[in-house]
Amino acid sequence: MRRRDEGGARPTTDERSGRGVRQDFDARARAARTDFEAQIRQRRAEFGARNEALTARTGRNLPAAIAIALAFAAVMLGSLLIWTPSFMVVAAFLLGFGVYELASAMRFAGRDVPRIPSVAVAVAVVPAAFLGGQVWALFTLLGGIVLISVWRLVEVAVARTKPASGSVVRDLTNGLFVQAYVTLLGSCVVLLATLPRGPLWVIGFILVVVAVDTGAYATGLNLGKHPMAPRISPKKTWEGFAGSVGASIVMGILVSWLMLGLPWWAGIILGVLISGSATLGDLTESMIKRDLGIKDISSFLPGHGGLLDRIDSILPSAAIAYLLYLVVNH
């Protein structure tokens, strides 16, 4: 075997062989890395294409929607189960921001609903309902509606260009609608949460609402052929509605049996009523958006549109759940 001279002679056969092995290994590693990166890019492209097709078909970014829904559920569960008074913060944010979104959308459509007093009333109703019950919540809401109306009338009085009387009346009625649709219905969730076992009822009826959405989405996506209300919501089908009713009944039975201590048949009533109210809430918001000429209430939540787009099914269902609780317990 040859040796290198002290002055730096040519490398030995073993050294050349080792260097060749290393170079061959490096080349294979680079090739494997290049192939792996190419596969990753291909998978991303395929996933993006499928996601775009699904988004075009369903009208929402599904991965983003699922992520936001899970985060929303975690916050709701934490506030209701760990320390119920903290739910006031969650409810105040949801109602306040929902009112802000709807009032802003109306202003965009030329209907001047005052946003500052509208949001203030929505936020104020939450502690009034949580701490004072139905009476304080109702008086706070009625006083707030008066405040919003006076606010708008003062704006008209000090404006240089006076709007037509018909426009002012429309602004006042739209301000009233915002409070009735978001604040009044939303306060039912807060009232329900203050009652004995109320937090479980809140979680239970929201689970049924989720089942309604999931059943309608899955069934409508795969089997939907007959539009339910093509002028209001073209993508909602009777097949999807049937799937939502079935899913809500199954979830209603589970919730009634495992969470609420009610007989299993009560879950059928719960499921049917919530499926109807959730669908009605969805169609109502679709009518509002169509009337205002917009696709989403806002773009606050990726994959969902606005916050109000996510709680539109919950709002009327909250009133149904609250009334059911009163019937069952009184």
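Every number in this text was worked out from the coordinates using simple rules, so none of it is lab data. Worth saying up front: this structure is predicted, and the values here are computed from it rather than measured. Cβ coordinates were reconstructed from backbone atoms using ideal geometry, including for glycine residues, and neighbour counts include every protein chain displayed.
For this structure, a couple of remarks:
- Values of log10 I(q)/I(0), in the order q = 0.22, 0.28, 0.29 Å⁻¹, for the stretch 76-116 under a Debye, Cα-only, solvent-free model: -0.65, -0.83, -0.87
- When Rg and Dmax are taken over the Cα atoms of the stretch 130-239, they come to 20.5, 57 Å.
- Diffusion coefficient (Stokes-Einstein, Kirkwood radius over C-alpha pairs, 37 °C, 0.692 mPa s) for the stretch 259-330: 240 µm²/s, rounded to a whole number.
- Packing, taken as the mean count of other beta carbons within 10 Å per residue, orders the peptides 27-33, 74-80 from highest to lowest as 74-80, 27-33.
- Reachable lysines, given that their alpha-carbon falls under 28 Å from the alpha-carbon of residue 235 and they are not under 8 places away in the same chain: 225, 289, 295
- Residues whose amide H comes within less than 5 Å of that of residue 228, counting only those at least five positions distant or on another chain, are 236, 237, 238 (H built at 1.01 Å from N in the peptide plane).
- Per-peptide average of other Cβ atoms within 10 Å, ordering 310-319, 187-196 highest first: 310-319, 187-196
- Relative contact order, percent, the stretch 124-233 [alpha-carbon distance under 8 Å, six or more residues apart]: 27
- Burial order of peptide ranges 156-163, 176-183 (average beta-carbon count within 10 Å, highest first): 176-183, 156-163
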